[in-house]
1. How about segment B:17-94: which trypsin sites (Lys or Arg not before Pro) there lie in a loop by DSSP and see at most 11 other Cβ atoms within 10 Å?
2. Could you grab the relative contact order for chain A? Cα pairs under 8 Å, six or more apart, rounded to a whole percent.
3. With +1 assigned to the C-beta of every Lys and Arg and -1 to the C-beta of every Asp and Glu, and no other charges, what is the dipole magnitude of segment A:78-156 about the Cα centre in debye, to the nearest 20?
4. Can you find, among B:Val260, B:Val196, B:Ala140, the residue sitting farthest towards the positive end of the charge dipole of segment B:61-311, where Lys and Arg contribute +1 and Asp and Glu -1 at Cβ?
5. Using a Cα-Cα cut-off of under 19 Å, which lysines could be cross-linked to A:Lys40, ignoring same-chain neighbours fewer than 8 residues away?
6. Of all beta bridges DSSP finds with both residues in chain A, what is the antiparallel percent, to the nearest 5?
7. Tell me, what is the per residue accessible area of chain B in Å², probe radius 1.4 Å?
8. In peptide B:196-203, what is the residue-averaged number of other protein chain Cβ atoms found within 10 Å of each Cβ?
Amino acid sequence: MARMAWFKKERKPRTTERVRLEIPADAWEKCDECGHIDIKERFVAALNVCPNCGYHRRISAQEYIDLLVDEGSWHELDGKLRSADPLSFENYPQRLELARQKAGPLEALRSGYARLDGMPVDLAVMDFAFMGGSMGSVVGEKIARLTRRSAEKDIPLIIVSASGGARMQEGVLSLMQMAKTSVEIARLQQEGVPFISILTNPTTGGVSASFAMQGDVILAEPGAVVGFAGPRVIKQTIGQDLPEGFQTAEFLVEHGMVDAVVPRSELRDTTARLLRHMAGRQPAEAAD
Amino acid sequence: MATHTLEFERPLLELERQIEELKRVAGETAVDVSKEIVPLERKLAELRQEIYRSLTPMQRVQVARHPKRPYTLDYLRTVFTDFVELHGDRLYRDDPAIVGGWARLDGASVMVIGHQKGRDTKENLRRNFGMAHPEGYRKALRLMRLAEKFGAPVVTLVDTPGAYPGLGAEERGQAEAIARNLLEMSGLRTPIVTAVIGEGGSGGALAVGLADRVIMLENSVYSVISPEGCAAILWKDASQRERAAEALKLTAEDLLDLGVIDEIVPEPPGGAHADPEAAAQALEESLRRHVRQLRKLKIEKLLARREEKYLSMGALSEK
């Protein structure tokens, strides 16, 4: 009998219930462009680019900083600059407060210095989440100061733009930030210091009509809408629908307005290679 | 004529009609009506002054857009002499929304560049209501470089609703053209004086308006966005333009307060369109003075001051 016991299988009663794998609802994300549904981690791993169609989602300034600079090398500059509401424009202080809660206290543009592939760089990144990346006095001043720093220290400048244009609530002073930033970038170019402008979705109005289009090299993320007037305004003016793909990064390359469309995953590497070319350095493999 | 009368100018029209009528009667009957006319004319002048003293910001916008207001080509006849118009950007085409060429101010050669609106529908279609395409800004830049080469100051006259937001303009790089001008004007090695003579419409105005001195005619306006556009975006209602015009601080006085312009050029009572000669005289006096002062500066000093001027613009706190 004992031998039989060796064969005998202790039978557990089989449950009919299946164990369900619990995936929380918020683990799934949907692509706004193609409708593709995937787990969030896959979007994140792809730098918020849709794994199916390649649509580049908008990401925060912090995410661009993390993407572009060497780990631990970022030093924020001018983090205390705040707008002074020069026109006493109705609801502006409240709107600023809301924007700070939504996007953080550092305004529509963050600036600082860091290393990119070991090379020192000055980097500014706009944040569309802060009042549509609009340029007022703070954005203009941060760009001007950073550009001055680049010129004085001979450090390449990189600006990542995302903006609907000038900030209405600071009126003509916002407009003058276009002149202010241009004056500094003119000086930078005179000094022969490289400036790479990276355009993300969207870059329009006073930002595209000033520093964003003044780069020695201008790169754009795939699908980014880039232009002077926004698509809605143009549609209204001409009274008809815009052609497919009008004002996209690809359209701009075709019309000779930007140098290249670069996917987010290659942004860091392409920028580094360009900087090496413009600073007269050896390619990364050949360097020590 | 009546169609060119702004709503707030109606009371003036009534008085003008009375005076006309009296004059007509006098002409026909040889009756001396000067006793009646003189007080009426005095009343007209007083009323005009009173109305124009207390214009609301939106009324100023209307004066700045007045279809009888003097435009760039008018001032080229009244303020300047010996104008030779130059055309084209040498890249694509000539943009009639911007005119420019050699002229004399104070007897000396200057390069004058300005937006040009049309006087009637036909001309407005050709000139696109003074809204330039990229080739307009590129023509302007070409002429500025010409001025620099031959050591002549640049005078720009601003009068535009804005840069044109159309398909061709975008295809040919509207943003790039404006950005380029700002960059090049920052370092242009000759004096630049800008006068806003009507509408200073945002980037399309600034594209020829980065200067050593910026002056504004009393009833002109300069803004980052039109009151209609601002109202449509902020309150989804373009009819709130009065409120927007108030909020945007776009009058000459506002801009002087904000440190964006250097001087207000007074207009005759009733605005530049009521007495174009007087407006031209005042503009000429101011332009001459500024050009004369700037000519005396060494070029390095001029450029350093231009840079300082724009670096100081903005309103910030830093705690």
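1. B:Arg90
2. Reported as a whole number, the value is 13 percent.
3. The calculated dipole for segment A:78-156 is roughly 140 debye.
4. Checking the options against the dipole of segment B:61-311, the answer is B:Ala140.
5. A:Lys30
6. About 45 percent, rounded to the nearest 5.
7. 43 Å²
8. Whole-number average of other-chain Cβ neighbours for B:196-203 is 3.
The values are calculated or read from the model by the stated rules, or taken from the named source; none is laboratory data. A quick note: this is a predicted structure, and the numbers were derived from the prediction, not measured. Glycine gets a Cβ as well: all are built from the backbone with ideal geometry, and neighbour counts include every protein chain shown. These accessible areas exclude ligands, DNA and RNA; they are computed on the full protein's heavy atoms, side chains included. Shrake-Rupley method; radii C 1.70, N 1.55, O 1.52, S 1.80 Å.
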